[in-house]
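Presented below is the structure to which this report refers.
The values are calculated or read from the model by the stated rules, or taken from the named source; none is laboratory data. Remember, it's a predicted structure, so these values are computed and weren't measured experimentally. Note that we place each Cβ from the backbone using ideal geometry, even for glycine, and neighbour counts take in every protein chain shown. SASA here: full protein model, heavy atoms, side chains in, ligands and nucleic acids out. Shrake-Rupley method; radii C 1.70, N 1.55, O 1.52, S 1.80 Å.
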Amino acid sequence: MGAPEENDAALLRAVAAGDQAALARLYDRHAGWLQLRLTRRCPDPETVREVLQDTFVTVWRSAGAHRGGEAGGWLWTIAARRLVDALRARERAERYAPVPAPPAPSAEDSVLNGLDGLDGLEYGDVGTALRRLGPELRDVLRATVVDGLTTREAATLLGVPEGTVKSRALRARRELRAALARLAGEPDDPRHPAAAPPSSPRQPLGDPA
């Protein structure tokens with residue numbers, strides 16, 4: 001017959017005395033159900049593995065604090081507290097994680113994001129670019145950019161279908177982009193070449209009359 005199996009209290013006393021083999025036996029006996037119970041409270045397997053490891057690290061350091069009684073309840077109390085600590089640490093990390101820098105805005109986005117109102121921009125290059133837009137396009141920009149309305153809200157305000165708001169917004173951005181490019185000295189859209197200047201009338205050959 002084999003040697004009688006040591007109970008949990010005896011294993012914990014051995015762990016408190018520095019017996020690593022006793023800790024290994026305690027782990028084999030309780031890790032399975034502890035992991036299962038932790039998984040029911042936390043779906044992240046990596047967090048569960050870390051908490052389970054931290055639990056038995058705490059057991060190794062604090063086995064002498066066990067005062068007898070049911071070891072399973074004592075182990076679960078440690079595991080539950082380590083889980084709470086892990087979840088709080090993850091929440092803090094997510095809360096204070098650095099926010100990636102947004103991409104650099106395009107020229108027309110820089111203009112639109114800085115507008116406090118379209119009506120006041122009557123002078124300068126921006127005013128010139130905006131005046132080149134038709135009134136229906138300016139109304140869409142005012143509703144969606146300045147007022148911050150959604151497409152549905154802008155459609156209700158302007159009395160047009162949502163599809164019309166989307167198409168006008170795209171057209172307004174396209175025309176604003178072209179106007180800003182021309183004001184910045186960039187070449188015009190190659191799809192719309194500038195008209196060639198009229199040629200001078202040819203002079204007749206020979207001495208002038």
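Miscellaneous remarks
- Filter result for Asn113 (modelled with pLDDT of 75 or more and open to solvent by 60 Å² or more (accessible area, probe 1.4 Å)): no
- Top-ranked residue of the stretch 14-70 - restricted to ones that are among the basic types (Lys, Arg), without any contact (Cβ under 8 Å) to a residue 24 or more places away in the chain and within 30 Å of Ala93 (Cα to Cα), ranked as surrounded by the fewest Cβ atoms within 10 Å (Cβ to Cβ): Arg40
One line per residue, one yes/no per condition, for (1) at positive phi; (2) among the aromatic types (Phe, Trp, Tyr):
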| site | (1), (2) |
| --- | --- |
| Asp44 | no, no |
| Leu52 | no, no |
| Phe56 | no, yes |
| Ser62 | no, no |
| Gly68 | yes, no |
| Ile78 | no, no |
| Arg82 | no, no |
| Ala86 | no, no |
| Arg90 | no, no |
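- If the condition is being among the charged types (D, E, K, R) and farther than 20 Å from Ala10 by Cβ, then the stretch 20-77 contributes Arg37, Arg40, Arg41, Asp44, Glu46, Arg49, Glu50, Asp54.
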